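Below is one structure, written out as structure tokens; comments come after it.
The values are calculated or read from the model by the stated rules, or taken from the named source; none is laboratory data. Quantities reported herein were computed from a predicted structural model and do not represent experimental measurements. Neighbour counts run over all protein chains shown; Cβ positions are idealised from the backbone, glycine included. Calculation scope for accessible area: heavy atoms of the full protein, side chains included, ligands and nucleic acids excluded. Shrake-Rupley method; radii C 1.70, N 1.55, O 1.52, S 1.80 Å.
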Amino acid sequence: QVQVVESGGGLVQPGGSVRLSCTASGNIVTIYHMYWYRQTPGKQRELVGSINIIGEANYGDSVKGRFTISRDNAKKTVYLQMNSLQSEDTAVYYCKVNLRRWEDTMGNDYWGQGTQVTVSS
């Protein structure tokens, strides 16, 4: 059974920074691609960014230049470093991991539970 667990969410002031972590565990062979999404009530889910197997990251326009995605393959963890936070960044942040288990021949997507980030003074 694959588990995807996030941590690091909470309350932060405008202009502040926070780092989210998302760790995958289980019978994992390879983690291919990792994604961060966010969602505000009444709005569509937004792709924040992603990072591939060799550490190349891409970002959505709304966070480009402020957020950084990185990965630690040894820890099976993806990070989302968020700087210069604004009230508009308030959302539930979700990670999705595309990985292959030992018993599978292809990768599948696994979602984290989501973590709330609230930007407010």
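Restricting to Cα pairs below 8 Å that are 6+ residues apart, what does the relative contact order work out to for the chain? Please round to a whole percent.
Across the chain, relative contact order equals 36 percent.
Give the lysines whose C-alpha is closer than 26 Å to that of K76, dropping any in the same chain fewer than 8 places away, or say none.
K64, K96
Ordered by residue, what ³J(HN,Hα) values in Hz, to whole numbers, does segment 27-32 give under the Karplus form 6.51 cos²θ - 1.76 cosθ + 1.60, where θ = phi - 60° and Gly and Pro are x?
7, 9, 8, 9, 9, 8
Residue by residue through segment 67-79, which ³J(HN,Hα) values in whole Hz follow from phi under the Karplus form 6.51 cos²θ - 1.76 cosθ + 1.60 (θ = phi - 60°), with glycine and proline marked x?
Karplus-based 3J(HN,Hα) across segment 67-79 equals 10, 9, 9, 9, 9, 10, 5, 4, 8, 6, 10, 10, 10 Hz.
Run the accessible area of the chain with a 1.4 Å probe and give the carbon-and-sulfur part as a rounded percent.
After summing per-atom areas, the C and S share lands at 46 percent.
Cross-link partners among aspartates and glutamates for K75, C-alpha distance below 14 Å, same-chain residues fewer than 8 apart left out?
E6
Under a point spin-label approximation (7 Å from Cα along Cα-to-Cβ), what is the I53-V5 distance to one decimal in nm?
Each label point is offset 7 Å from its Cα along the Cβ direction, giving 2.7 nm.
Could you tally the net charge around T40, taking each other residue with its Cβ under 15 Å from the Cβ of T40, Lys/Arg +1 and Asp/Glu -1?
0
For segment 49-99, with every protein chain kept in place, what is the accessible area per residue (1.4 Å probe, Å²)?
Heavy-atom accessible area per residue stands at 46 Å².
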